[in-house]
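A.B. asks: Below you will find the structure I want to go over with you.
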Amino acid sequence: NPESVLWDKLQSGLYPDTVYAYDSGGDPNEIPQLNQQEFIEFHKQYYHPSNAYIYLYGDGNIQEHLRYLQTHYLSQFQYKKIDTNIAFQRPPKAPLEKEDLYSVNPGDSLQDKTFLSQAFSFGRAVDGELKLAMDMLNYIVVGSESGPLKRALLDAKIGKEIWGYYYHSIQQPFYIITAKGANPDQKKEFQSIINKTLEDLATNGIDPKLIEAAINTFEFSLREMDPGSSPKGLVYAHNIMPSWLNGGSPLAHLQFEPILKKIKSQYNKGYFENIIRKNILKNNFRLLYALKPQEGLEEKSNQALVARLAQIKNSMSEQEIEKLMATSEKLKTKQSTPDTAENQAKLPILTLKDVSVTPEVLPLEV
């Protein structure tokens, strides 16, 4: 999936000296190097309640819930000090530039299949004001059809789809602008249009109507808090985590009222223009990135993996191979064996008797 490759490579390009340089789910090409004992030790070290953040949502009895957690979970473990500090990436001395490849099927056209991205690293995950301001600014410049940067890139026929995003879930957030469906020879023009358009907005000012539309859109969304099909408590948990996990207040991205008030009072005094100047135009902590298609790349990768696995097998004795086969067979049997009737009975199941035939009457006051 090129979007997944793009996201992983952007983070590793921006933050090569931190854990963000690695895929949290594991790189399939590297997983054969991992052994069972390393896996177990890592789990014991970090997947421990001493390293947990516990979040409760709803109209429940807080003391009762905490007592339950203590009795049935936390009391089963000894507290231990776990070092989960993440190093800060030192900004580069000059803007970065990087290219990578993703696989397309043999015979597929390579035209209009390149992803061009410009990323800027700034801010901290604990900064609730900057997060909301950047969401609004992104909506202003590329989020809506009238966004000046979106229009400039599409008018120049750079990409078929333009999108931007301020990713604040990591310690050092970054803002990314991407053109999907572009070509490699458009990279410099892509960069030039971004710089020129944002320079113009910072110097001559953003159309106040665009800013007001963004403020109204986000204020309505924040006040309505309609999570759609997602549980509201889960959405709040996602909003809480970026700041909380990085040592900030859990409420940093929930308390929007004072931030809205500040933005409303300052947007016509160069508020967003200053953000563009400070965090984007004068920021050397940036990466210009191109993800280009190449035929048969996946096949080559698979062949290299098969060769590496064959090398590992050749280094094993007959007894080791037989033991591995027996373990694999045991695992397959365990995975394919249905749960016992006793275990299945532990899952709560609703019956028709549990559902009232009378509709619930909700109180209505006009």
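A.B. asks: Taking square-rooted eigenvalues a ≥ b ≥ c of the alpha carbon gyration tensor, is the range 208-267 rounded, prolate or oblate, where a/c under 1.5 means rounded and, failing that, a/b exceeding b/c means prolate?
C.D. replies: Because a/c hits 1.5 or more and a/b fails to exceed b/c, the range 208-267 counts as oblate.
A.B. asks: Stokes-Einstein diffusion coefficient for the range 132-234 at 20 °C in a medium of 1.002 mPa s, Rh from the Kirkwood formula over Cα pairs: what value in µm²/s?
C.D. replies: 142
A.B. asks: Sticking with this one: Could you work out what % of the accessible surface of the chain is carbon and sulfur, using a 1.4 angstrom probe and leaving DNA, RNA and ligands out of the count?
C.D. replies: Of the solvent-accessible surface of the chain, carbon and sulfur hold 54 percent.
A.B. asks: Given q = 0.12 Å⁻¹, what are the Debye log10 I(q)/I(0) values for the range 11-144, with equal point scatterers placed on the Cα positions and solvent ignored?
C.D. replies: Here log10 of I(q) over I(0) equals -0.93.
A.B. asks: Share of Cα-Cα pairs in the range 311-366 beyond 19 Å, in percent?
C.D. replies: It works out to 67 percent of all Cα pairs.
A.B. asks: What is the gain in length, in nm to one decimal, between ASN314 and LYS160 on full extension, counting 0.36 nm per residue of separation less the C-alpha to C-alpha distance?
C.D. replies: 50.6 nm
A.B. asks: Here's another thing I want to ask about it. Going by average Cβ neighbours within 10 Å, how do the peptides 263-269, 35-41, 192-198 rank, with the highest at the top?
C.D. replies: Ranking, from highest mean packing down: 192-198, 263-269, 35-41.
A.B. asks: Cross-link list LYS188/LYS209; LYS157/LYS180; LYS80/LYS346; LYS232/LYS262; LYS160/LYS188: which exceed 22 angstrom alpha carbon to alpha carbon?
C.D. replies: Flagged as over cut-off: LYS188/LYS209; LYS80/LYS346; LYS232/LYS262.
A.B. asks: Give the relative contact order (percent, whole number) for the chain; include only Cα pairs under 8 Å separated by 6+ residues.
C.D. replies: Normalised by residue count, the contact order of the chain is 24 percent.
A.B. asks: With a 1.4 Å probe and all protein chains in place, put LEU14, LEU352 in order of accessible area, largest first.
C.D. replies: LEU352, LEU14
A.B. asks: Expressed as a fraction of 2.2 N^0.38 Å, the rule-of-thumb size for a compact globular protein of N residues, what is the C-alpha radius of gyration of the range 251-366?
C.D. replies: Ratio of Rg to 2.2 N^0.38 Å for the range 251-366: 2.32.
A.B. asks: Express in Å², to the nearest 10, the accessible area of PHE218 obtained by rolling a 1.4 Å probe over the protein heavy atoms while all chains stay in place.
C.D. replies: The accessible area of PHE218 comes to roughly 50 Å².
A.B. asks: In addition: When the chain is fully extended, how far beyond the present Cα-Cα distance does SER192 get from MET325, taking 0.36 nm per residue of separation?
C.D. replies: 42.2 nm is the gain from fully extending SER192 to MET325.
A.B. asks: Which aspartates and glutamates does LYS81 reach when only Cα atoms under 16 Å apart count, and residues fewer than 8 places away in its own chain are ignored?
C.D. replies: Result set, ordered by chain and number: GLU41.
A.B. asks: Any idea of LEU347's accessible area? Nearest 10 Å², probe 1.4 Å.
C.D. replies: Approximately 120 Å² for this residue.
A.B. asks: Would you kindly derive the ³J(HN,Hα) couplings of the range 299-309 from the backbone phi angles with the Karplus curve 6.51 cos²θ - 1.76 cosθ + 1.60 (θ = phi - 60°), listing them in order in whole Hz, with x for Gly and Pro?
C.D. replies: Working through the residues one at a time gives 5, 4, 5, 5, 5, 5, 5, 4, 5, 5, 5 Hz.
A.B. asks: Hey, another quick one. I'd like the distance between the alpha-carbon centres of the range 13-27 and the range 282-299, rounded to an integer number of Å.
C.D. replies: Answer, in whole Å: 15.
A.B. asks: At 1.4 Å probe size, what's the solvent-accessible area of ASP207? Round to the nearest 10 Å².
C.D. replies: Its accessible surface works out to 80 Å², give or take rounding.
A.B. asks: Additional query: If I model a spin label at LEU347 and LEU364 as a point 7 Å from the Cα along the Cα→Cβ vector, what separation in nanometres do I get?
C.D. replies: Inter-label distance under the simple model: 3.9 nm.
A.B. asks: Cross-link partners among lysines for LYS313, C-alpha distance below 16 Å, same-chain residues fewer than 8 apart left out?
C.D. replies: Reachable lysines: LYS323.
A.B. asks: What aspartates and glutamates could a cross-link reach from LYS330, if we take a straight Cα to Cα line under 17 Å and drop same-chain neighbours fewer than 8 places away?
C.D. replies: Straight-distance partners of LYS330: GLU320, GLU322, ASP339.
A.B. asks: Using the eigenvalues of the Cα gyration tensor, what equivalent ellipsoid semi-axes result for the chain when each is taken as the square root of five times the eigenvalue, whole Å, largest first?
C.D. replies: 40, 35, 22
A.B. asks: Take LYS81 and TYR55, extend 7 Å from each Cα along the Cα→Cβ direction, and tell me the distance between the two endpoints in nm.
C.D. replies: 2.8
A.B. asks: Using a 1.4 angstrom probe, figure out how much accessible area the chain has per residue, in square angstrom, rounded to the nearest whole.
C.D. replies: I get 66 Å² per residue for this part.
A.B. asks: Each residue of the range 151-162 in turn: what ³J(HN,Hα) in whole Hz from Karplus with 6.51, -1.76, 1.60 and θ = phi - 60°, glycine and Pro shown as x?
C.D. replies: Running phi through 6.51 cos²θ - 1.76 cosθ + 1.60 with θ = phi - 60° gives 5, 5, 6, 5, 5, 7, 6, 9, x, 9, 9, 10 Hz.
The values are calculated or read from the model by the stated rules, or taken from the named source; none is laboratory data. A quick note: this is a predicted structure, and the numbers were derived from the prediction, not measured. Heads up, the Cβs are rebuilt from the backbone with ideal geometry, glycines too, and the neighbour counts pull from every protein chain shown. The area values use the complete protein model at the heavy-atom level, side chains included, leaving out ligands, DNA and RNA. Shrake-Rupley method; radii C 1.70, N 1.55, O 1.52, S 1.80 Å.
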